[in-house]
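Here's the structure we're looking at; comments come further down.
Only the coordinates and a few stated rules stand behind these numbers; no lab work does. In this text the structure is predicted, and so the values were computed from the model without any measurement. Quick reminder, even Gly has a Cβ in these numbers, built from the backbone with ideal geometry, and neighbours come from all protein chains shown.
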Amino acid sequence: MATVMQKIKDIEDEMARTQKNKATAHHLGLLKAKLAKLRRELLTPTSKGGGGAGEGFDVTKSGDARVGLVGFPSVGKSTLLNKLTGTFSEVAAYEFTTLTCIPGVIMYKGAKIQLLDLPGIIEGAKDGKGRGRQVISTARTCNVILIVLDAIKPITHKRLIEKELEGFGIRLNKTPPNLTFRKKDKGGINFTSTVTNTHLDLETVKAICSEYRIHNADVSLRYDATADDLIDVIEGSRIYTPCIYVVNKIDQITLEELEILDKLPHYCPIR
């Protein structure tokens, strides 16, 4: 495990040092492909019976939809679950009060919705820190994700949590890449596009495919796709999930700050 994590860190450090330009595009694409493979290796259970989210997280899916409450510790996820469902999830003035997945149910316009209060995640969850693996594994089973944010640092926390979820293959408020990737038996890598490409070229596509030991494939773009988009399609295990950002504790910010948050897409301020 430590070896894989060290490899991940080494690649992330190299990517941070590499200047982004046309000359380095295919090298960065190769690094991103290596990183995606290592994350899959890190986060895929290898022991017998090791599948699933783990003890305390294997809640049976029920109702018409499942909604997961995700956020840092002590942002109000448990309080929100308690108020919405009447389910008891322990609340305290210290971090990591919730240690397992706490389910609750709410009826909305005739639909039965299962809410899951998930333990707070920490930075580095995607790399196996804390209980991040179990939390994000459970989040992958949800139809909708509610990211609960502290109004004091909503944008900073939003970006950090998105980074953790992205690292586990969860794409928030996005649609699958509009590109075609088809393996074939011979003919090499054939790359075509109906638009002008600013991110991908034949050499970058070849470098990414080579990392996956793919030497014969047709790749067709219908928009200005990125290396990350191509990797997502090749990996094939990405989850595209609607997300609402619930900003809690708005009584701690000014009216001007609240008005700014209220105009952001997918945001819902509460107190």
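For residue 271 and residue 12, the FRET efficiency from 1/(1 + (r/R0)^6), where r spans their Cβ atoms and R0 equals 35 Å, is about 0.40. Taking the DSSP bridge list for the range 181-271 and keeping only pairs wholly inside it, about 25 percent are antiparallel.
Ranking 253, 178, 157 by how far each Cα lies toward the positive end of the dipole of the range 136-269 (charges on Cβ) leaves 178 at the top. Straight-line cross-link reach from residue 83 at under 20 Å between alpha-carbon atoms covers these lysines, not counting any fewer than eight positions away in the same chain: 109, 112, 249.
Nearest 20 debye, what's the magnitude of the dipole of the chain about its Cα centre given +1 on Lys and Arg Cβ and -1 on Asp and Glu Cβ?
720
With neighbours defined as other Cβ atoms within 10 Å of a residue's Cβ, the residues 181, 72 order from fewest to most as 181, 72.
How big is the antiparallel share of DSSP beta bridges in the chain, given as a percent to the nearest 5?
30
Take the Cβ atoms of residue 27 and residue 178, set R0 to 30 Å, and the FRET efficiency comes out at 0.75. With Cα extents along the principal axes in Å as the read-out, I listed [x] 60, 45, 39; [y] 60, 42, 35; [z] 61, 51, 41; which label goes with the value calculated from this structure? Computing Cα extents along the principal axes in Å and matching it to [x] 60, 45, 39; [y] 60, 42, 35; [z] 61, 51, 41 gives [z]. With 25 Å as the limit, the listed pairs 163/183; 158/263; 37/153 have 163/183; 37/153 beyond it between alpha carbons.
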